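Participant: Here it is, the structure in full.
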Amino acid sequence: MGRARDVHPLSVPRRRDSRLDSTALRRLMDRQSGVVSRRQVKAAGGDDVDIRNKVRRREWARVHDGVYVDHTGPLTRSQRVWAAVLLHWPAAVHRQTAMELYGLRRDRRQPGPDDPVWVMIDAGRRSPAPVPGVRVERIRDASTWLTSHRWPPRVTVELALLKVASQRDLAGAVAVLADACQQSRTDVTRLLTALDRLGNLPGRAALVEVPRDVADGAYSVLERRYMRDVERAHGLPVGRRRFRESSDGRTVARDVKYPAQGVVVELDGRFGHRDLEDRWTDLDRDLASAVDALLTVRLGWAQVLSPCRVATAMGTILRARGWTGTPAACRTGCPVPTSWAVAAH
């Protein structure tokens, strides 16, 4: 009988005793919407063999290099967010994605399946190669922009808001910041403090003005335009904004009120609500009856986007009801009259 051939010891199957703490890992994955990283598996006592076995048995699926999820189907939005954070760890959810987590829906809609996930990492770090659906921004002293006790880690609501607002036109920036203040997610003081740290933020000069106007009560884009372009630019009295009062036993919300003159301005920001010419007819009728009872003037985009014309009308109404000031031209060529006469009773 011949001698048995030598067998290389590494080719002999051996039983492997895994030290993976499956309970601790499962608990961690539950907190992370079923997503885990290779680094976390190793921290729980596992190794690459454990990961390969999970993938082979289709218990896990690879999402990114070194990032896995506990199923083989489509990813949820939460799983996409976690996968992006773990891929770039240490990282934090940023920009629009952070706004989602704070409950601030972008443009009043749910995030779509193709919306990118934004993450922030420190400016001094290198990051993995770009992957589809994930956008990365490097920021100096990134750890100082984190909100404590939030999971997944995310930037402060102020940084997320200001970064998003800086990429929009002025009307869009007002909508983003005013909505957040109105929902008590932040306030003017915190926004201005964050702006002090963001010296290179695009459009910063205009953004500094927006929180100050929000503090004055201009919570909608239309309200801000009325306050800035009609009231302030033409020297009209400063109205009282965004409050409630009793009227005939009912609680009534007011947009702008000039108490001394008994004039209320209601601002309707909807488009196409009524024919534009009908709105000017309404304003002319209000002007004719301005001397008597409490007057409500309803303005929409058609009026506020013609600020000089509406300032002339409002100046006439306010003077007819006791205002002793005089509206002023906002610029050379402004059609606001240079002389005024109070309408006769």
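No lab work stands behind these numbers, since they all come straight from the coordinates. Please read all numbers here as calculations on a predicted model, not as lab measurements. With ideal geometry, Cβ positions are generated from the backbone for all residues, glycine too; neighbour counts draw on all protein chains shown.
Participant: If you stretched the chain out fully between ASP47 and ASP169, how much longer would it get, using 0.36 nm times the residue separation minus the C-alpha to C-alpha distance?
Facilitator: Result for the pair: 38.9 nm of gain on full extension.
Participant: Cα to Cα, under 30 Å, and not fewer than 8 places away if on the same chain: which lysines meet these conditions relative to LYS54?
Facilitator: By straight Cα distance, LYS54 reaches LYS42.
Participant: For GLY66, what is the net charge nearby, where nearby means another residue's Cβ is under 14 Å from its Cβ and Lys, Arg count +1, Asp, Glu -1?
Facilitator: Counting the neighbours of GLY66, the net charge comes to +2.
Participant: Fewest Cβ neighbours within 10 Å first, please rank THR324, THR76 accordingly.
Facilitator: Arranged by neighbour count, lowest to highest, THR324, THR76 become THR324, THR76.
Participant: Let me ask another. For ARG125 and ARG19 in the same chain, what is the full-extension length gain: residue separation times 0.36 nm, less their Cα-Cα distance, in nm?
Facilitator: So the extension gain works out to 35.0 nm.
Participant: Rank these for me by crowding, MET29, MET314, going from fewest to most other beta carbons within 10 Å.
Facilitator: Listing MET29, MET314 from fewest to most nearby Cβ atoms yields MET29, MET314.
Participant: What order do you get for LYS163, LYS54 when you list them from fewest to most C-beta neighbours inside 10 Å?
Facilitator: Exposure proxy ranking, most exposed first: LYS54, LYS163.
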